[in-house]
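Computed from the coordinates by the stated procedures, all read-outs in this text should not be read as laboratory data. Bear in mind the structure is a predicted one, so any value in this text is a computation, not a measurement.
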Amino acid sequence: MNSLPSKNEVIQEAIELTSEMKLTFPEIYKFLDETPLAISNGIDSEITTADFEQYLETLESQMLNYSETHTQQMHLSVI
């Protein structure tokens, strides 16, 4: 049976990903303050596991996009 991750597991994944970003792409790490954590249920609501999962997906997407763009630019500058 495939269980859903707990909020703490998702938070831990986000921490690990941001640590990887800091080491691998410090130039984008400095902009993480600008990555929104969207809260789906309103201002006074508790941040849910789904909110953290969406945030983690956003971080993963940013890192992947930057990685692909950066790699392409490196290849173009060599040519």
Item checked: Extended-chain gain in nm, criterion 0.36 nm per residue less alpha-carbon gap, E46 and E27 -> 3.7 nm
Check: Across region 17-27, in residue order, what do the Karplus-derived ³J(HN,Hα) couplings come to in whole Hz, using 6.51 cos²θ - 1.76 cosθ + 1.60 with θ = phi - 60° and x for Gly and Pro?
Finding: 5, 5, 5, 5, 4, 4, 7, 8, 10, x, 5
